[in-house]
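The values are calculated or read from the model by the stated rules, or taken from the named source; none is laboratory data. Since the structure is predicted, the reported quantities are computational estimates derived from the model, not experimental observations. Ideal geometry is used to build each Cβ from the backbone, glycine not excepted, and the neighbour counts take in all protein chains shown.
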Amino acid sequence: MPPRSSLTIVLAAGEGTRMRSSSAKVLHPVAGQSLLAHVLGAAPDGAGDKLAVVIGPGEEAVADETKRLRPEAATYVQRERLGTAHAVLAARQALAQGADDVVVVFGDTPLISPGTFNRLREPLNKGAALAVLGFQAADPAGYGRLVVEANRLQAIREEVDASAQERAITLCNAGVMAFDGRKALAIIEKIGNANGKGEYYLSDAVAVVRDLGLEAVVIETNEDEVRGINTKAQLAEAEQVMQARLRKAALDAGVTMIAPDTVYLAADTSFGKDVTIEPFVVIGPGVSISDGAVIHSFSHIVQASIGKHASVGPYARLRPGTTLGDGARIGNFVEIKAATLEAGVKVNHLSYIGDAHIGANANIGAGTITCNYDGFTKHKTEIGAGAFVGTNSSLVAPVRIGTGAYIGSGSVISRDVPDDALALERSEQTNREGGASRIRELKTRGKKPKGD
Ligand code: UD1
Ligand code: CA
């Protein structure tokens, strides 16, 4: 038998007023990726699988995020926010095209895994019209309760409509449902809005299925997989769950972390062999760390590629567009942005390197600053292989320091330096013999010595 085709409908409309945010709820990040990205990443995407995303009017940013992640997905706009069943019908066109299985998932449920989608679809193969993902909630407040009688799922009761007895139920609706694709549209169209909120609840699909004499089943999963995010507090909880997963995966992959709970990773962080991450490191999206690299404490790294056996920090900041070659060394209080540092480059202390290319084995002294911005435009600094930049130098871009060139400390370099040249830009030093004594005498005249 060929694999069953599927249509996944992701409901992502609405600002999420309880997030108290001006950006769409599903664009909030967990482990450096939007909630939507996590859900789209878990949804089936084989040859026979289609994807539809329902967004709110004017939610261009959500449409763009969808396009970025799954360009083949169709987006539909739910004009009025009249409930989750109403939202599914916004994708009526996709539903009408037909699929063996129709899976509806909420865009605010980022912890779901691909395996759970598969588990949920299994009962459809055995004749069920509807499978609902359920979980035992530690605190069921806000979730729809699964009403099970005589071992059969009879209904889902939303909190506002539930009796005291029903509110005591801890088995809850995770918000993910799989429908028999031939029946999905007919079932969802029958859902009414005679309830506490006057909304079309997708959860009422269970009662409709029962009324039609069809089978609805519950597939259970654990709470950590299905936490729905309505508030910033729930966003923080989901982050904790995701971080725990990512840390475990990193440890399993051989990363050394002596205090994993203090290390923050992104969902797409990649590691080579024998990587060490010291306590209190924050890694944002788009970071790859190669074999043997060490990230020392208190470093902050986003969109950066770190070469083999490189050393970063403590207290380093690698911003987007940083590439460190093998064995590069970035020390404390160094910030790097949009720069490539070839193998063996050292920037050990207190520097800013932005919009730059630094050739292999160059040594950048403490306090060196690439002056990349003139208040209007960004300019590039080019430093040749093996160059030595003395401490406290300002490199005023655009500027090129030649291969093997040597810059004297404290220089402000605004013109190109040829290969192998020595560049010095500072005023002549004057020494006055005995001058120190004269100063001391002048300053202490009429004063008692200190410390009495
Ligand atoms: C919903 C379920 C509840 C379940 C919980 C799980 C309903 C009526 N309730 O409640 O049973 O326990 O999720 O997390 O289904 N959305 C739209 N258009 C709408 C309304 C919602 O696109 O008109 C989208 C939202 O963007 C969100 C998702 O649907 O991603 C769920 O909506 P939300 O308001 O968060 O539902 P809950 O109250 O959490
Ligand atoms: Ca929700």
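Data overview
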read-out: Count - residues of region 319-346 that are part of a strand (DSSP E or B) and either on the phi > 0 side of the Ramachandran plot or in contact with an Asp or Glu (Cβ under 8 Å, 6 or more places away or on another chain) (or both); value: 4
read-out: Test: residue in region 290-306 that is assigned to a strand (DSSP E or B) and touching a residue at least 40 places away in the same chain (Cβ under 8 Å); value: no
read-out: Residues being touching a strand residue (DSSP E or B) at 6+ places or on another chain (Cβ under 6 Å) and either part of a strand (DSSP E or B) or without any contact (Cβ under 8 Å) to a residue 24 or more places away in the chain (or both) - total across region 22-50; value: 2
read-out: Residues being within 14 Å of Gly196 (Cβ to Cβ) and exposed (fewer than 15 other Cβ atoms within 10 Å of the Cβ) - total across region 143-173; value: 3
read-out: Verdict on Gly46 being within 15 Å of ligand 2 (Cβ to nearest atom) and surrounded by fewer than 23 Cβ atoms within 10 Å (Cβ to Cβ); value: no
read-out: Filter pass, Ala94 being surrounded by 18 or more Cβ atoms within 10 Å (Cβ to Cβ) and either free of Cβ contacts under 8 Å to residues at least 60 places away in the same chain or among the aliphatic types (A, V, I, L, M) (or both); value: yes
read-out: Among the residues listed as Glu225, Glu237, the single one being within 16 Å of ligand 2 (Cβ to nearest atom), among the charged types (D, E, K, R) and either surrounded by 22 or more Cβ atoms within 10 Å (Cβ to Cβ) or in contact (Cβ under 8 Å) with a residue 12 or more places away in the chain (or both); value: Glu225
read-out: From the options Ala253, Ala266, residue that is at pLDDT 95 or above, surrounded by fewer than 16 Cβ atoms within 10 Å (Cβ to Cβ) and not acidic (Asp, Glu); value: Ala253
read-out: Matching residues, region 318-365, being under 27 Å from the mean Cα position of the chain (by Cα), farther than 24 Å from Ser409 by Cα and not acidic (Asp, Glu); value: Leu318, Arg319, Pro320, Gly321, Thr322, Thr323, Leu324, Gly325, Ala338
read-out: Pair list, Cβ under 9 Å, 6 or more apart: region 352-374 residue more than 12 Å from Glu335 (Cα to Cα), other residue of a type in the set (Asp, Glu) and crowded, with 19+ Cβ neighbours inside 10 Å; value: His357/Glu342; Ile358/Glu342; Gly359/Glu342; Ala360/Glu342; Asn361/Glu342; Ala362/Glu342
read-out: Test for Gly408: is it surrounded by fewer than 18 Cβ atoms within 10 Å (Cβ to Cβ) and in contact with a Leu (Cβ under 6 Å, 6 or more places away or on another chain); value: yes
read-out: Given (1) more than 16 Å from ligand 1 (Cβ to nearest atom); (2) among the polar types (S, T, N, Q); (3) in a loop (DSSP other than H, G, I, E, B), number of the condition Gln240 does not satisfy; value: (3)
read-out: Residues of region 159-204 that turn out to be more than 22 Å from Ile229 (Cα to Cα) and either of a type in the set (Ser, Thr, Tyr) or in contact (Cβ under 8 Å) with a residue 12 or more places away in the chain (or both), as a count; value: 17
read-out: Residues located in region 91-143, provided they are in a loop (DSSP other than H, G, I, E, B), under 25 Å from the mean Cα position of the chain (by Cα) and within 16 Å of ligand 2 (Cβ to nearest atom); value: Gly107, Asp108, Thr109, Pro110, Leu111, Ile112
read-out: Residue under evaluation Asp274, criteria (1) out of contact with any strand residue (DSSP E or B) (no Cβ under 7 Å at 6 or more places or on another chain); (2) buried (at least 19 other Cβ atoms within 10 Å of the Cβ), criterion not met; value: (2)
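Every residue, every condition in (1) within 16 Å of ligand 2 (Cβ to nearest atom); (2) farther than 13 Å from Val30 by Cβ; (3) of a type outside the set (Gly, Ala, Ser); (4) in contact (Cβ under 8 Å) with a residue 40 or more places away in the chain, yes or no:
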{"site": "Ala216", "(1), (2), (3), (4)": "no, yes, no, yes"}
{"site": "Glu220", "(1), (2), (3), (4)": "no, yes, yes, yes"}
{"site": "Leu246", "(1), (2), (3), (4)": "no, no, yes, yes"}
{"site": "Phe271", "(1), (2), (3), (4)": "no, yes, yes, no"}
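Matching residues to (1) at pLDDT 95 or above; (2) within 16 Å of ligand 2 (Cβ to nearest atom); (3) not hydrophobic (A, V, I, L, M, F, W, C):
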site	(1), (2), (3)
Cys172	yes, yes, no
Asp180	yes, no, yes
Ala194	no, no, no
Val206	yes, no, no
Arg210	yes, no, yes
